Amino acid sequence: MDFMGKIMVGLFIGPIILLLSGLLLLLFPPKNRNYIYGYLTRLSSKTQQTWDFANKLAAKLLVGMGSVSLVLAIIALGAIAKLPNNLLERAYSIAVPLSAVVFLLLLLMLVFIVQVKLKKMFKLSK
């Protein structure tokens, strides 16, 4: 695979995972609390009501974050595509790790937002 292909994979894997995970949770939400599928934390598992709320919110956030990061990946790819071939390796070494960091930050932000909303909505503590 050439550098442009590697850059595409590196830029798009995170946004696609976020978007597909969110769509999966939206279209097929977990009906009951479980340890296999869904947004699983101690707070989300307290009651069925907290479980439903957390999974619905997480699904919406995942779709939103995935959509925005996908648009940003397309913009970044457009900018990278204009680079001369001798700079593609350098672009790869910057864009792909940066994309991974953004992916991890979005996941942390998702957990933070859902946990804060759960505590606020249901007046929960750990």
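Values in this text are rule-based calculations from the coordinates and carry no lab data. Fair warning: this is a prediction, and the values are worked out from it, not measured in the lab. For neighbour counting, all protein chains shown are included, and Cβ atoms are generated from backbone atoms with ideal geometry for every residue, glycine included.
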Cα-only Rg/Rh for region 2-44 with Kirkwood Rh rounds to 1.20
Contour minus Cα-Cα span, Val116 to Ile17, at 0.36 nm per residue, comes to 33.3 nm
Fewest-first ordering of Val63, Val68, Val101 by Cβ atoms within 10 Å yields Val101, Val68, Val63
The ratio Rg/Rh over the Cα atoms of the chain, Rh being the Kirkwood inverse mean 1/r radius, stands at 1.11
Here the equivalent ellipsoid of region 48-96, derived from its Cα gyration tensor, has semi-axes (largest first, whole Å) of 37, 10, 4
With +1 on the Cβ of every Lys and Arg and -1 on the Cβ of every Asp and Glu, the dipole magnitude of the chain about its Cα centre, in debye rounded to the nearest 20, is 820
Sorting Ile36, Pro97, Gln48 by the position of each Cα along the dipole of region 33-119 (Lys, Arg +1; Asp, Glu -1; all at Cβ), the one nearest the positive end of that ordering is Gln48
